[in-house]
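Structure first, commentary second.
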Amino acid sequence: MAEDLIPIEPSRDIGHAERRRQRLERLLSVATPLIILAAWEALVRAGLVDARLFSSPSQIAGTFWALAQSGELARHVGISLVRIGIGFALGAIPGVLTGVAIGLSPLVRAVLSPVIASLYPIPKIAIFPLIMVIFGIGEVSKYVLVAIAVFFFMAINSAAGVLNVERIYWDVGHSFRVGRLRRILTIALPGALPMIIAGIRLSLGVSLLVLVSAEFVGSKSGIGFLVWDSWQTFNIETMFVGIVVIGALGWIFFTVVDEFERRFLPWAPGNRR
């Protein structure tokens, strides 16, 4: 019977199909915003949307170019990005460490899980007045607000990532008598990385959201201030420039994180299809 068996060679079409799928995904991620902008322009030009309230993309592009040439847009975006970067670092690092500790230690989990579960649902922008009372209305209060928002996402996702590491990996480490620190570095963190990356993806979006909200009321600079100030002066085109830039920043954050995951985390669920 053995001679009747025909060996099956892996098809080369599988590799081509995978590359086509990846190219299609990248094309769609770029084309979708362009299609939305084209539909928006068409609706305004056709008079189906009031141009006084909803400027067309071409008008917004003109204002964008003027703000970019003056340097005003770059100044506001740069200030917001610095605030997000510092706040993200202040929240993400403790968040990951806390999440890993919760995932590894039942005792830490018993102590911290109820605290995180009770504090996490509180809208972070609601405590911004309290943060300003404590840290003042300067830059530190924005860093703290972003850090608090990021901390919970990173802690929850990191804990879930460690808890979802398959038991066999822990058993192998135990069989080879791998030390605790090495188990954390070679088993817990690599196994939790897909969930940590998911936490980074969510945290970047949330940090942008809370910062823009904070800049509405507690700042004289930043992309949130640009939107709020232009709304108060009924400068609709500038307001839309700010909104579009916020959306573009969110898209860039997601794209960069997705590309990082695709290149450096081949064991992530999304890369194993």
Are there any trypsin sites (Lys or Arg not before Pro) in segment 140-239 that are in a DSSP loop and have at most 10 other Cβ atoms within 10 Å? List them by number.
177, 220
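What value, in deg cm²/dmol to 500, does the helix sum -39500 (n - 2.57) over DSSP H runs of n ≥ 4 give at 222 nm once divided by the residues of the chain?
Numbers: 11 runs with 210 residues, N = 273.
Value at 222 nm, helices only: -26500 deg cm²/dmol.
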Using the basic label-point model (7 angstrom from Cα toward the beta carbon), what is the residue 172 to residue 111 distance in nanometres?
3.2 nm
Report Rg (one decimal) and Dmax (nearest whole number) for the chain, counting Cα atoms only, units Å.
23.9, 85
Using all alpha carbons of segment 223-273, what is the percent of pairwise distances in each 10 Å bin, ordered from the shortest bin to the longest?
25, 29, 19, 17, 10, 0
Which of 178, 108, 245 moves the most in a Gaussian network model of the chain with Cα springs under 10 Å?
178
Computed about the Cα centre, the charge dipole of segment 109-252 from +1 Lys/Arg and -1 Asp/Glu charges at the Cβ has a magnitude in debye, to the nearest 20, of 740 debye
Loop only by DSSP, 16 or fewer other Cβ within 10 Å of the Cβ. Give me the chymotrypsin sites (Phe, Trp or Tyr not before Pro) in segment 112-205 that pass, ordered by residue number.
176
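Bear in mind that the values in this text are calculations on the coordinates, not laboratory data. Quantities reported herein were computed from a predicted structural model and do not represent experimental measurements. Using ideal geometry, Cβ is built from the backbone for each residue, glycine included, and neighbour counts are taken over all protein chains shown.
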